[in-house]
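The values are calculated or read from the model by the stated rules, or taken from the named source; none is laboratory data. Remember, predicted model here, so these are calculated numbers, not experimental data. Note: ideal-geometry Cβ built from the backbone for every residue, glycine included; neighbour counts use all protein chains shown.
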Amino acid sequence: MNVSYLYSLLAVIVLGLIAYAGAVVGLEALFGIVIPYLAVLVFFVGFVNKVLDWAKAPVPFRITTTCGQQKTLDWIKPSPIDNPTTTVGVIIRMLLEILLFRSLFRNTRVEFKGEKISYKWVLWLWLFAIMFHYSFFVVVIRHLRFFVEPVPFFISALETVDGMLQIGLPGLFISGATLLGGATLLLLRRILLPKINYISRAADYFPLFLIIGIALTGILMRYFIKVDVVKVKELTMGLASFHPGIPEDGVSALFYVHLFFVSLLVAYIPFSKLMHMGGIFLSPTRNLANNNRMKRHINPWNPKVKIHTYEEYEEDFREKMKEADIPVEKE
Amino acid sequence: MEELPKPDEMYESIDHTPPEEEWEKIESPIKRGRYAYPAKDKNLAIMEFPTPGEWSPADEEWPLPDNWQQIIHEGFKERLEKYRSLKIFMDTCVRCGACADKCHYFIGTGDPKNMPVVRAELLRSIYRNDFTTAGKILGKIAGGRKLTKEVIKEWFAYFYQCSECRRCSVFCPYGIDTAEVTMMGRELLNLLGLNINWIMEPVANCFRTGNHLGIQPHAFKEMVEFFCDDIEEITGLKLNPSFNRKGAEILFITPSGDYFADPGTYTFMGYLMLFEALGLDYTLSTYASEGGNFGLFTSSDAMKKLNSKMYAEAKRLGVKWILGGECGHMWRVINQYMDTMNGPADFLEVPKSPITGTVFDNAKSTKMVHITEFTADLIRHNKLKLDPSRNDKFKVTYHDSCNPARAMGLLEEPRYVIKNVCNYFYEMPENTIREKTFCCGSGSGLNTEEVMDLRLRGGLPRANAVKHVHDKYGVNMLACICAIDRAAFPPLMEYWVPEVGTTGIHELVANALIMDGEKERTTDLRFESLKEEEDEADEG
């Protein structure tokens with residue numbers, strides 16, 4: 001059993017304690033101002049760098065993975081999305097991939113049942129992934145309320161929907177619970193399924209624990225410890241308006257743990273697999289139309305190669321060709 | 001070659017439980033039956049690759065040049081700069097595991113390094129260590145790994161246990177294509193002269209003689225004439241195909257496997273009979289006598305060199321367009337590389353069927369049409385007289401070849417043709433066909449005897465699906481549109497489902513095809529009785 005997740009768990013706990021201790025001993029400015037700014041800076045520079053680095057490399061060949069019927073004879077029905085030939089088709093394919101995780105939706109699981117091998121359609125991974133990503137998205141949008149004043153209507157509207165269960169006071173946000181749930185399920189998958197456990201490494205566990213840490217501290221602050229939200233907003237508005245400051249009489253140290261985790265996550269993105277959020281847009285097997293035979297794709301570095309010409313070939317075989325009555329260029 | 005276990009023993013022995021040890025720590029990846037013999041210097045030299053001399057993968061010390069690490073590092077860097085695909089595929093994997101059980105080699109071997117995710121990690125770990133900030137600082141914690149000789153051995157072992165079939169890329173949420181990773185890995189190994197002879201000899205042959213098997217022009221002609229004799233015996237018609245004929249309307253190119261060995265030869269006879277029945281103005285070429293392209297399994301330069309002959313010969317002969325035979329990876333090259341590499345083919349015309357008048361707009365740039373597109377169009381327009389009952393002894397299923405399925409989307413055309421020339425057609429289970437089709441287990445240059453263990457294991461998912469329709473519907477014939485399939489399936493079926501034969505689609509077409517002036521047929525193209533019962537009655 002691969003227990004490398006314990007190291008990641010330990011790392012996240014230690015990092016959390018550092019932030020907590022820091023806030024307690026009066027380093028609020030470090031954890032509340034300096035590190036968040038640094039993190040955002042690292043994120044932007046790193047992210048832009050990475051994307052530019054990708055974009056710099058050419059796409060020499062159109063290597064679409066086709067997942068449906070090609071467009072050929074007009075009486076054969078093509079799959080315009082899974083095997084697109086037009087830009088519109090490609091855009092829809094990409095939207096389905098990015099918004100609905102189309103390919104994960106195909107997932108199957110191999111099983112040896114007696115003499116028969118079966119490939120069962122399984123949706124768990126897709127479901128956990130959807131749950132996790134959309135929850136995260138909603139949580140991020142909701143948190144914009146800490147960075148703008150007045151709070152735009154769409155955030156309030158989102159909060160109303162998110163809190164529609166009306167459980168507890170303050171009302172439970174579904175997204176917070178599903179974010180924690182989704183991340184935990186993805187984590188359990190990595191710990192408990194032997195194959196997934198075997199391929200999982202520290203770089204897989206670390207961001208999951210970090211996100212679980214973020215969700216847990218957030219939930220604790222909102223429902224249990226009940227930090228002073230007005231003070232928190234004072235701090236975050238300070239950051240957003242570039243007039244940073246630490247509120248008088250302090251915010252709970254837990255808040256700094258939360259903010260530190262978020263800072264770490266944000267700064268970690270450009271250097272990790274979390275860049276899949278950008279990479280998915282640029283994957284050449286998905287974002288190119290399968291119109292190769294209709295429209296020539298240009299390779300900017302198309303090399304000159306030494307080929308064996310017909311003339312050289314005929315030199316080698318002329319006599320044999322003549323004997324066999326195969327026409328030749330030079331008698 | 002070592003004795004193979006009995007099929008049920010092999011089947012029972014497959015264990016997907018991951019080992020205790022992390023894959024990074026498992027050494028000695030070179031196992032008998034799983035590696036092919038290394039490329040010979042004479043073949044490497046023809047293609048201007050480094051020549052390491054005599055060696056065996058089983059050797060402790062491999063013949064690496066002194067600066068091998070530098071060569072790999074610079075080669076890797078160059079490819080990262082040339083291929084966005086490589087960068088994206090190195091950076092975006094989240095190891096979600098969706099691909100893990102999609103690979104036929106993993107399903108058949110249970111070896112965790114055959115999970116597509118781990119296969120790619122073999123390269124990714126070096127990428128992280130050498131080219132990423134996190135890897136340079138954090139090393140192993142960030143998933144980095146030092147480039148050692150052991151890593152080179154591992155690459156050789158596992159990039160030659162991938163058939164570049166792209167099944168995993170269908171399931172990957174980021175479209176990561178292990179074929180692309182394997183191709184890059186193989187290119188890097190080529191920089192050190194490490195290749196397998198089963199690939200490099202065909203490549204060298206094709207470069208010099210025009211086809212993988214090194215068949216010289218006069219011999220090619222003799223083989224085709226031999227088929228014509230057989231056709232005359234079966235149909236009473238004398239065929240006279242032309243070679244290297246200038247001014248023909250169409251140049252026809254098919255893989256050399258189709259004229260070299262059974263059952264591909266019957267498919268070749270099928271093409272000849274179809275063209276005769278149509279009175280098609282076509283020619284064969286001895287210079288471009290290979291549809292396949294083992295360069296695809298070597299390097300993009302090698303692929304380009306071999307592929308260049310198709311357009312060069314079409315231009316020299318002055319044909320209007322090119323028709324291509326049944327082959328899998330050939331069509332990946334034609335559909336996704338040819339025009340880019342060796343185009344534009346502005347000396348050719350947009351393909352138009354001289355029989356039906358159909359213009360193949362889908363091929364208006366490459367000017368090359370797949371034979372099942374061509375034949376499906378003929379059937380649709382009622383241009384063929386067909387008697388499908390001549391195929392009645394065959395209960396047919398259809399194997400989608402990897403490349404036409406996942407690098408093209410040629411799914412319905414072959415099915416349409418089969419359904420019109422056969423009365424009994426049955427599909428294999430849904431998750432094993434079309435874009436989810438399984439490799440024959442021998443693709444990308446791995447169809448050599450010494451890796452039979454790997455081939456039988458890798459072919460198991462396909463064979464098992466065939467067995468399913470064999471048991472359920474009595475299927476006894478596996479149709480395909482790939483020359484490697486036609487070479488790989490006979491031993492695969494013999495091992496797992498011995499009652500099932502292998503055929504190309506145009507063999508079935510020619511069996512059913514009623515040609516003007518033909519005599520009454522008593523046998524199929526294999527000189528076997530048209531009706532199974534008669535054989536049994538004779539024996540009885």
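Checking the structure you have, find out if any residue of the range B:11-33 is of a type in the set (Gly, Ala, Ser) and within 14 Å of chain A (Cβ to nearest Cβ). Full working, then the answer.
Residues of the range B:11-33 of a type in the set (Gly, Ala, Ser): B:13, B:28, B:33.
Still in the list and also within 14 Å of chain A (Cβ to nearest Cβ): B:13.
The answer is yes; a qualifying residue exists.
Per-residue answers, yes or no, for (1) in contact with a strand residue (DSSP E or B) (Cβ under 8 Å, 6 or more places away or on another chain); (2) more than 9 Å from chain A (Cβ to nearest Cβ); (3) more than 21 Å from A:Phe61 (Cα to Cα); (4) not aliphatic (A, V, I, L, M):
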residue: B:Ile253; (1), (2), (3), (4): yes, yes, yes, no
residue: B:Ser256; (1), (2), (3), (4): no, yes, yes, yes
residue: B:Gly270; (1), (2), (3), (4): yes, yes, yes, yes
residue: B:Leu274; (1), (2), (3), (4): yes, yes, yes, no
residue: B:Asp281; (1), (2), (3), (4): yes, yes, yes, yes
residue: B:Met303; (1), (2), (3), (4): no, yes, no, no
residue: B:Met341; (1), (2), (3), (4): no, no, no, no
residue: B:Lys352; (1), (2), (3), (4): yes, yes, yes, yes
residue: B:Gly357; (1), (2), (3), (4): no, yes, yes, yes
Quiz item: Picking from A:Val257, A:Val251, which residue would you name as being crowded, with 21+ Cβ neighbours inside 10 Å, more than 28 Å from A:Tyr134 (Cβ to Cβ), more than 11 Å from chain B (Cβ to nearest Cβ) and touching a residue at least 24 places away in the same chain (Cβ under 8 Å)?
Solution: A:Val251
Quiz item: Which of the residues spanning the range A:99-123 are within 7 Å of another protein chain (Cβ to nearest Cβ), assigned to a loop (DSSP other than H, G, I, E, B) and either among the aromatic types (Phe, Trp, Tyr) or out of contact with any Cys (no Cβ under 8 Å at 6 or more places or on another chain) (or both)?
Solution: A:Phe101, A:Asn107
Exercise. Filter the range B:399-446 for residues that are away from chain A (no Cβ under 11 Å), aliphatic (A, V, I, L, M) and under 19 Å from B:Gly325 (Cβ atoms) and give the result.
Key: B:Val417, B:Ile418, B:Val421
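Say whether the condition of being part of a helix (DSSP H, G or I) and touching a helix residue (DSSP H, G or I) at 6+ places or on another chain (Cβ under 9 Å) is met by at least one residue in the range A:162-172. Break it down into steps so the answer makes sense when it comes.
Going residue by residue through the range A:162-172, those that are part of a helix (DSSP H, G or I) are A:162.
The next check asks that each one be touching a helix residue (DSSP H, G or I) at 6+ places or on another chain (Cβ under 9 Å); those that pass are A:162.
Yes, the range A:162-172 contains at least one residue that is part of a helix (DSSP H, G or I) and touching a helix residue (DSSP H, G or I) at 6+ places or on another chain (Cβ under 9 Å).
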Quiz item: If we scan the range B:25-46, do we find a residue that is surrounded by 14 or more Cβ atoms within 10 Å (Cβ to Cβ), part of a helix (DSSP H, G or I) and modelled with pLDDT under 95?
Solution: no
Quiz item: Consider B:Leu508 against the criteria (1) in a helix (DSSP H, G or I); (2) surrounded by fewer than 24 Cβ atoms within 10 Å (Cβ to Cβ); (3) touching a helix residue (DSSP H, G or I) at 6+ places or on another chain (Cβ under 9 Å): it satisfies all of them except one. Which criterion is unmet?
Solution: (2)
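Condition check ((1) of a type in the set (A, V, I, L, M, F, W, C); (2) surrounded by fewer than 18 Cβ atoms within 10 Å (Cβ to Cβ); (3) closer than 17 Å to B:Gly210 by Cα) across all residues:
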{"site": "A:Leu265", "(1), (2), (3)": "yes, no, no"}
{"site": "A:Ile269", "(1), (2), (3)": "yes, no, no"}
{"site": "A:Arg293", "(1), (2), (3)": "no, no, no"}
{"site": "A:Trp301", "(1), (2), (3)": "yes, yes, no"}
{"site": "A:Lys304", "(1), (2), (3)": "no, yes, no"}
{"site": "A:Ile307", "(1), (2), (3)": "yes, yes, yes"}
{"site": "A:Tyr313", "(1), (2), (3)": "no, no, yes"}
{"site": "A:Pro327", "(1), (2), (3)": "no, yes, yes"}
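Per-residue answers, yes or no, for (1) β-branched (Val, Ile, Thr); (2) over 16 Å from A:Ala29 (Cβ atoms); (3) modelled with pLDDT of 95 or more:
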| site | (1), (2), (3) |
| --- | --- |
| A:Phe209 | no, yes, yes |
| A:Ile225 | yes, yes, no |
| A:Asp228 | no, yes, no |
| A:Gly238 | no, no, yes |
| A:Asp249 | no, no, no |
| A:His258 | no, yes, yes |
| A:Val262 | yes, yes, yes |
Quiz item: Taking the condition in the same structural domain as B:Met90 (by TED's automatic domain parsing) and touching a strand residue (DSSP E or B) at 6+ places or on another chain (Cβ under 6 Å), does B:Ile141 pass?
Solution: no
Self-check item: Qualifying residue in the range B:116-135 (condition: within 7 Å of chain A (Cβ to nearest Cβ) and free of Cβ contacts under 8 Å to residues at least 12 places away in the same chain)
Solution: yes
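Quick grid of which residues meet (1) within 18 Å of A:Ile13 (Cα to Cα); (2) out of contact with any helix residue (DSSP H, G or I) (no Cβ under 7 Å at 6 or more places or on another chain):
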site: A:Gly238; (1), (2): no, yes
site: A:Phe242; (1), (2): no, yes
site: A:Ile246; (1), (2): no, no
site: A:Ala253; (1), (2): yes, no
site: A:Leu264; (1), (2): yes, no
site: A:Gly279; (1), (2): no, no
Quiz item: Among the residues of the range B:310-339, how many are more than 19 Å from A:Asn292 (Cα to Cα) and facing chain A (nearest Cβ under 10 Å)?
Solution: 5
Self-check item: Pair list, Cβ < 7 Å and 6+ apart or interchain, from the range B:173-188 residues that are assigned by TED's automatic domain parsing to the domain that holds B:Cys96 and more than 15 Å from B:Met115 (Cα to Cα) to residues that are surrounded by 24 or more Cβ atoms within 10 Å (Cβ to Cβ) and among the acidic types (Asp, Glu)
Solution: B:Met183/B:Glu164
Quiz item: Scanning for something within 12 Å of chain A (Cβ to nearest Cβ), under 16 Å from the mean Cα position of the chain (by Cα), of a type in the set (Lys, Arg) and at negative phi, does the range B:450-459 turn up at least one residue?
Solution: no
Quiz prompt | Any hit, the range A:66-84, residues being over 21 Å from B:Thr366 (Cα atoms), assigned to a strand (DSSP E or B) and more than 7 Å from chain B (Cβ to nearest Cβ) | solution = no
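Conditions tested, residue by residue: (1) crowded, with 20+ Cβ neighbours inside 10 Å; (2) in a helix (DSSP H, G or I); (3) at pLDDT below 95.
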{"position": "B:Gly270", "(1), (2), (3)": "yes, yes, no"}
{"position": "B:Glu276", "(1), (2), (3)": "yes, yes, no"}
{"position": "B:Ser289", "(1), (2), (3)": "yes, no, no"}
{"position": "B:Ala302", "(1), (2), (3)": "yes, yes, no"}
{"position": "B:Asn307", "(1), (2), (3)": "yes, yes, no"}
{"position": "B:Met341", "(1), (2), (3)": "yes, yes, no"}
{"position": "B:Phe347", "(1), (2), (3)": "no, no, no"}
Quiz item: touching a Gly at 6+ places or on another chain (Cβ under 9 Å) and more than 7 Å from every other protein chain (Cβ to nearest Cβ), is that true of A:Pro284?
Solution: no
Quiz item: Name the residues in the range B:398-448 that are part of a loop (DSSP other than H, G, I, E, B), aromatic (Phe, Trp, Tyr) and in contact (Cβ under 8 Å) with a residue 60 or more places away in the chain, would you?
Solution: B:Phe438
Quiz item: Tell me, which residue of the range A:36-65 that is loosely packed, with under 14 Cβ neighbours inside 10 Å and among the β-branched types (Val, Ile, Thr) is farthest from the other protein chains (Cβ to nearest Cβ)?
Solution: A:Val48
Quiz item: Any residue at all in the range B:380-397 that is within 11 Å of chain A (Cβ to nearest Cβ), assigned to a helix (DSSP H, G or I) and surrounded by fewer than 23 Cβ atoms within 10 Å (Cβ to Cβ)?
Solution: yes
Quiz item: Applying the selection to the range A:5-31, what residues are small (Gly, Ala, Ser) and surrounded by 19 or more Cβ atoms within 10 Å (Cβ to Cβ)?
Solution: A:Ser8, A:Gly16, A:Ala19, A:Gly22, A:Ala23
Quiz item: Just to be sure, is A:Thr86 closer than 30 Å to B:Ile379 by Cβ and either surrounded by fewer than 18 Cβ atoms within 10 Å (Cβ to Cβ) or among the aliphatic types (A, V, I, L, M) (or both)?
Solution: yes
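Is it the case that some residue within the range B:232-249 is within 18 Å of the chain's Cα centre (by Cα), crowded, with 24+ Cβ neighbours inside 10 Å and closer than 23 Å to A:Glu315 by Cα?
Initially, the range B:232-249 is screened for residues within 18 Å of the chain's Cα centre (by Cα), giving none.
Taking every residue of the range B:232-249 in turn, none turns out to be within 18 Å of the chain's Cα centre (by Cα), crowded, with 24+ Cβ neighbours inside 10 Å and closer than 23 Å to A:Glu315 by Cα.
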